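A.B. asks: Take this structure first; my questions come after.
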């Protein structure tokens, strides 16, 4: 559960970067759209979901940052009030739960727009992601080929 929560927080913090238009983000979106074989209408719908998620997450991120800053300041004081510390910890937990719910809503919307074939492709990527940490061990014993060379430096 903690790993999942960390993943959600990382995603929540990374979404503004991904949602920004730029060459890297555009290539990433194109790669996902091509792999899943999204239609132009689905890509537009996906962009709308990202925009909606960002609009919901931005104020929560600000609130979480302010809460964590206040908690840090309180903990650095000579005699922090335990009640205030507990209150800020619970407030931070509540904000993170709200962020998780926003992300779940985004995922539900994204998954809901997929055809069964596209959903299968997404499931395959999710399975592959769980297996990726095993690749080095398999390469060590020659059970997988070495990775292709990277771009020239």
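A.B. asks: At a Förster radius of 41 Å, what calculated FRET efficiency corresponds to the Cβ-Cβ distance of residue 77 and residue 101, to the nearest 0.05?
C.D. replies: Details: r = 32 Å, r/R0 = 0.79.
FRET efficiency, residue 77 to residue 101: 0.80.
A.B. asks: Also: Work out how much length residue 52 to residue 123 would gain on full extension: take 0.36 nm times their residue separation and subtract the Cα-Cα distance, in nm to one decimal. Mind showing how you got there, number by number?
C.D. replies: Numbers: separation 71, 0.36 × 71 = 25.56 nm, distance 2.36 nm.
Extra length available between residue 52 and residue 123 comes to 23.2 nm.
A.B. asks: For segment 101-136, list residues with backbone N below 20 Å from a point placed 7 Å from the Cα of residue 63 toward its Cβ?
C.D. replies: The answer is 101-107.
A.B. asks: Taking other Cβ within 10 Å of each residue's Cβ, how do 101, 54 sort, fewest first?
C.D. replies: 101, 54
A.B. asks: How do 122, 64 line up, fewest other C-beta atoms within 10 Å first?
C.D. replies: 122, 64
A.B. asks: Between residue 134 and residue 30, what length in nm is gained on full extension when 0.36 nm per residue of separation is reduced by their alpha carbon distance?
C.D. replies: 34.7 nm
Readers should treat all values here as calculations from the given coordinates under stated rules, not as data from a laboratory. In this text, all values refer to a predicted model and were calculated from it rather than measured experimentally. Ideal geometry is used to build each Cβ from the backbone, glycine not excepted, and the neighbour counts take in all protein chains shown.
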